[in-house]
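Reading through the structure tokens given below for one structure.
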Amino acid sequence: MKFVIGVGSNSADKKQRMDAAIEYLASWLDEFECSSVYSTRAFNGIDADYLNAVVCGCCCLPVEEVVSRLKEYESASGRNHSEKDVVIDLDLVLVDDDVLRPRDMEREYFMLGYRELMGNCHEPSSRILR
């Protein structure tokens with residue numbers, strides 16, 4: 001299966017956090033691709049700007065295991081959902097062409113990297129999963 005993952009951080013050391021997360025994902029995803037790392041404003045307009053990227057890769061793991069790996073990495077990196085600074089955020093947005101997080105498909109922080117990876121023309125054509 002092909003997995004498309006949004007990566008983001010707005011912590012003080014966000015460049016290092018992004019580099020480490022991308023390296024982690026590359027260590028277990030085959031056919032790994034990563035967009036450029038780019039800066040976006042916080043969605044709420046208040047918090048620190050983010051660095052974002054989108055990665056794409058394949059593996060034979062079930063979706064639940066992929067999500068578990070992403071959340072375990074966030075936790076091991078010190079992610080605390082009650083703090084406004086996001087140490088690292090890893091979100092599984094698409095599996096093959098199935099959209100797991102439809103709101104991300106409408107947000108600049110994801111779509112900039114997604115369009116870069118998909119050649120500016122590919123939008124998933126199949127169902128949205130909720």
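No value in this document is a laboratory result; all are computed from the given coordinates. Computed from a prediction, not measured in an experiment: that's the story for all the values here. Please note: Cβ atoms are built from the backbone with ideal geometry, for glycine as well, and neighbour counts cover all protein chains shown.
When restricted to Cα atoms, region 41-113 yields an Rg and a Dmax of 13.2, 39 Å, respectively. Roughly what percent of Cα-Cα pairs across the chain reach past 26 Å? Distances greater than 26 Å cover 15 percent of the Cα pairs. Bridgeable lysines around Lys84 (alpha carbons under 23 Å apart, same-chain partners fewer than 8 residues away excluded): Lys14, Lys15, Lys71. Working ranking of peptides 57-64, 98-105 by packing, defined as the average number of other Cβ atoms within 10 Å per residue, highest first, is 98-105, 57-64. To the nearest ten degrees, helix 63-76 and the longest principal axis of the Cα atoms of the chain are 10 degrees apart.
Spin-label model, Lys15 to Asp96: label points 7 Å out along the Cα-to-beta-carbon direction sit 4.1 nm apart. What is the helix-to-structure angle for 108-117, meaning the angle in degrees between its Cα long axis and the longest Cα principal axis of the chain, kept from 0 to 90 and rounded to the nearest 10? The angle comes out at about 50 degrees.
Could you work out how far the C-alpha centroid of region 1-18 sits from that of region 19-97, in angstrom? If you average the Cα positions of each part, the centres end up 4 Å apart.
For Lys2, a cut-off of 16 angstrom between C-alpha atoms picks up these aspartates and glutamates, skipping any fewer than 8 places away in its own chain: Asp30, Glu31, Glu33, Glu64, Glu65, Asp91, Asp96, Asp97, Asp98, Glu123.
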